[in-house]
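What follows is one structure encoded as structure tokens, with my remarks underneath.
The values are calculated or read from the model by the stated rules, or taken from the named source; none is laboratory data. What you see is a predicted model; the values in this text were computed from it and never measured. Note that we place each Cβ from the backbone using ideal geometry, even for glycine, and neighbour counts take in every protein chain shown.
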Amino acid sequence: MALPNINPTETNAWKQLEKHFETVKGLQMKELFAQDKKRAEKYTINWEDFYLDFSKNRITDETLRYLLQLADEVKLKEAIQSQFSGEIINQTEGRAVLHTALRAPKKSDFKVDGVNVMPEVYAVKEKIEAFTNEVVNGERKGFTGKAFTDIVNIGIGGSDLGPAMVVDSLQFYKNHLTTHFVSNVDGDHVNEVIKKLNPETTLFVVVSKTFTTQETLSNANTLKTWFLKTANEAAIAKHFVAVSTNIDSVKNFGIDENNVFPMWDWVGGRFSLWSAVGLTISLAVGYTNFDNLLKGANKMDTHFKNEDFNSNIPVILALLSIWYNNFFNAESEAIIPYSQYLNQFATYLQQGIMESNGKSVDRNGNPINYQTGTIIWGEPGTNSQHAFFQLIHQGTKLIPADFIGFGKSLHGNQDHQDKLMSNFLAQTEALLNGKTEAEVVAERTEKNIVPFKIFKGNKPTNTLFIEKLTPESLGKLIAMYEHKIFVQGIVWNIFSYDQFGVELGKQLAGKILQEFNNDIVNNHDSSTQNLLNHYKKMS
Ligand code: F6P
């Protein structure tokens, strides 16, 4: 069964929301709080170790009612069902979308073309576990008989960002192995990593779903050539492993078939860290922690699939985001984790969210006349407070923000933790209430400075409190955003699981690369032509 195909702007709910927007757009949240003492309680979802307070949003009960009606009218429930039952919901590529199967219990039944994929999924998981244990325990050795000390993950996009973000986020749980990530085709990236490596004790994990990606193959070849300066060809089997769907190309590269960790075309690149793409995660933090990450994601899957929409965390977050994107015309959203461990989280989500929902054609193939994908950005607090918060507080743009904080610090330094969390709470309070002219005047501010010190407030935020950063809670958090992406794609009536937009640049780059060696090239617009000639002169 295909996904429902409904133009959201033609639903009753959308029309109601348009009218309703006119009556609520000027409402001040602080007045809504004053009128309803139970507002925070009413707009909070407490699930497992997650506590989501979405009361600091420019919504009323009526707004929520229409947003939930919108979800019903676009048949979100049916769409969720289609996704989890392995239907070909990635219709433009003719594929199912089943990253949820990767983190499901063994006894589950996820069918692709009528065949349960769980036995295959678990066979690969067992291979990841055995391999991880051998490397971590030092039983698996390099070509000179020494145990591995360093892991190099070679991949890009979904084959890099997910593992890199999770390894960084779970640093606290890391073992003795040092992990490196090489992604950019910029040779300076790989060469800086090479400086830190000893070929005798380095394991290379080449991750590419297609095994055709220019960046990954270039970096893998450069590392192989560097490795072969000290080792012989036979040593490649000990030091290079691959994660891919394209087994033939992996073998052609010279990697032993036994060293291939398969994945499947029903796992999208940006949703693949749960598969063998997460091998580097497993190596870095151990298989048990990797498995707990998956278990956390599975709990969020169950919540998303079964919970009523009015208390369903990903659904509520997605609908609020639509409210700002499509009615307030907010263009971007900030993600501000109050944890330095989540330093790479917004970067990771940029691919998930913007590659998935950066689409301007609907599921009928028609151009869209409403806004889709939000622009995502962010950095951890408190650093970001001293960087871009000025614009969120006093700029002209409306930037809804997700604040993510943890109740406990991992190293247990309560002094730092209290300071961190006081900032976490203070920022959303400031964004809500702002500062009035009267308050500024009361501070004995010089008269001519008063306008500059007024904060309008009324800036929307979601606050997500999580008890502690663990592999399991991180798994829940990532899965929460994955489902938010799905809900938004369904409401916007777009296909979230292809990414044709990244292809054109790749094709042109291939053409230009060949032209660097041609004497006379004259087939570009004059700007590109001049730049190309200039580069040839410089290089
Ligand atoms: O950037 C496009 C893209 O196809 C991403 O979706 C994907 O994660 C990345 O390239 C890497 O692809 P691969 O894993 O096939 O090397």
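Has the stretch 334-354 got any residue that is surrounded by fewer than 17 Cβ atoms within 10 Å (Cβ to Cβ) and touching a Lys or Arg at 6+ places or on another chain (Cβ under 9 Å)? No, that holds for no residue. For the stretch 214-228, a residue qualifies if it is crowded, with 20+ Cβ neighbours inside 10 Å and either aliphatic (A, V, I, L, M) or part of a loop (DSSP other than H, G, I, E, B) (or both), and the qualifying residues are 220, 223. Only residues that are over 19 Å from residue 55 (Cβ atoms) and outside any helix (DSSP H, G or I) were counted across the stretch 308-334, and they come to 3.
Residue check: is residue 242 under 25 Å from residue 287 (Cβ atoms) and within 16 Å of the ligand (Cβ to nearest atom)? Steps first, answer last, please.
Working: under 25 Å from residue 287 (Cβ atoms): yes; within 16 Å of the ligand (Cβ to nearest atom): yes.
Answer is yes for this residue.
Just the residues that are among the hydrophobic types (A, V, I, L, M, F, W, C) and in a loop (DSSP other than H, G, I, E, B), please, taken from the stretch 98-108. Walk me through how you get there before you give the answer.
Let us first name the residues in the stretch 98-108 that are among the hydrophobic types (A, V, I, L, M, F, W, C), namely 98, 101-102, 104.
Within the stretch 98-108, 98, 104 meet the criteria.
Of the residues 475, 457, the single one that is part of a loop (DSSP other than H, G, I, E, B), under 30 Å from residue 56 (Cβ atoms) and small (Gly, Ala, Ser) is 457.
The combined condition, being within 16 Å of the ligand (Cβ to nearest atom), surrounded by fewer than 16 Cβ atoms within 10 Å (Cβ to Cβ) and outside the structural domain of residue 475 (by the TED database), is fulfilled by residue 92.
State whether one or more residues within the stretch 116-124 are more than 30 Å from residue 237 (Cβ to Cβ), more than 16 Å from the ligand (Cβ to nearest atom) and among the charged types (D, E, K, R). Within the stretch 116-124, not a single residue is more than 30 Å from residue 237 (Cβ to Cβ), more than 16 Å from the ligand (Cβ to nearest atom) and among the charged types (D, E, K, R). Among the residues of the stretch 229-279, the one identified as of a type in the set (Lys, Arg) and crowded, with 20+ Cβ neighbours inside 10 Å is 270.
Scanning the stretch 247-264 for residues that are closer than 23 Å to residue 89 by Cβ and either in a loop (DSSP other than H, G, I, E, B) or hydrophobic (A, V, I, L, M, F, W, C) (or both) turns up 263, 264. All conditions in (1) over 27 Å from residue 213 (Cβ atoms); (2) within 16 Å of the ligand (Cβ to nearest atom) hold for residue 489, with the sole exception of (1). In the condition set (1) within 16 Å of the ligand (Cβ to nearest atom); (2) crowded, with 18+ Cβ neighbours inside 10 Å; (3) assigned to a helix (DSSP H, G or I), residue 504 is compliant with all but (2). Filter the stretch 139-160 down to residues that are surrounded by fewer than 24 Cβ atoms within 10 Å (Cβ to Cβ) and within 16 Å of the ligand (Cβ to nearest atom) and give me whichever is nearest to residue 355 (Cα to Cα). Only one residue fits best here, namely 157. Of everything listed in (1) away from the ligand (no atom under 16 Å from the Cβ); (2) over 30 Å from residue 470 (Cα atoms); (3) of a type outside the set (Ser, Thr, Tyr), the single unmet condition for residue 220 is (1). Note on the stretch 265-306: residues that are part of a helix (DSSP H, G or I) and of a type in the set (Asp, Glu) amount to 2. Going by the structure shown, is residue 201 under 19 Å from residue 240 (Cβ atoms), polar (S, T, N, Q) and either within 16 Å of the ligand (Cβ to nearest atom) or without any contact (Cβ under 8 Å) to a residue 60 or more places away in the chain (or both)? Criteria met by residue 201.
Only one of the listed residues (358, 395, 365, 434) is over 22 Å from residue 52 (Cβ atoms) and within 16 Å of the ligand (Cβ to nearest atom). That residue is 358.
Can residue 428 be described as hydroxyl-bearing (Ser, Thr, Tyr), farther than 23 Å from residue 41 by Cβ and surrounded by 13 or more Cβ atoms within 10 Å (Cβ to Cβ)?
Details: hydroxyl-bearing (Ser, Thr, Tyr): yes; farther than 23 Å from residue 41 by Cβ: no; surrounded by 13 or more Cβ atoms within 10 Å (Cβ to Cβ): yes.
Criteria not met by residue 428.
For the stretch 107-135, the tally of residues that are over 27 Å from residue 90 (Cα atoms) and not polar (S, T, N, Q) stands at 8.
Number of residues in the stretch 187-198 that are within 16 Å of the ligand (Cβ to nearest atom) and either farther than 23 Å from residue 250 by Cα or not hydrophobic (A, V, I, L, M, F, W, C) (or both) equals 1. For the stretch 204-217, taking the residues that are farther than 13 Å from residue 157 by Cβ and in contact with a strand residue (DSSP E or B) (Cβ under 8 Å, 6 or more places away or on another chain), the one that is farthest from the ligand (Cβ to nearest atom) is identified as 204. Scanning the stretch 400-420 for residues that are crowded, with 17+ Cβ neighbours inside 10 Å and part of a helix (DSSP H, G or I) yields 417, 420. In the stretch 229-239, the residue that is nearest to the ligand (Cβ to nearest atom) out of those that are closer than 17 Å to residue 256 by Cα and part of a loop (DSSP other than H, G, I, E, B) is 231.
Could you please let me know if residue 467 is surrounded by 12 or more Cβ atoms within 10 Å (Cβ to Cβ), touching an Asp or Glu at 6+ places or on another chain (Cβ under 6 Å) and either basic (Lys, Arg) or in the same structural domain as residue 401 (by the TED database) (or both)? It would help to see each step written out before you state the result.
Working: surrounded by 12 or more Cβ atoms within 10 Å (Cβ to Cβ): yes; touching an Asp or Glu at 6+ places or on another chain (Cβ under 6 Å): yes; either basic (Lys, Arg) or in the same structural domain as residue 401 (by the TED database) (or both): yes.
So residue 467 passes the test.
Pairs linking a residue in the stretch 59-84 that is over 18 Å from residue 12 (Cβ atoms) to a residue that is hydroxyl-bearing (Ser, Thr, Tyr) and outside any helix (DSSP H, G or I), with Cβ atoms under 8 Å and 6 or more positions apart or on different chains, are 59/43. If you go through the stretch 39-58 and keep only what is touching a residue at least 40 places away in the same chain (Cβ under 8 Å) and either within 29 Å of residue 16 (Cα to Cα) or of a type outside the set (D, E, K, R) (or both), you end up with 45, 47, 50, 51, 52, 53, 54, 56, 57, 58. Within the stretch 102-150, the set of residues being without any contact (Cβ under 8 Å) to a residue 40 or more places away in the chain, over 18 Å from residue 283 (Cα atoms) and of a type in the set (Gly, Ala, Ser) comprises 108, 114, 145.
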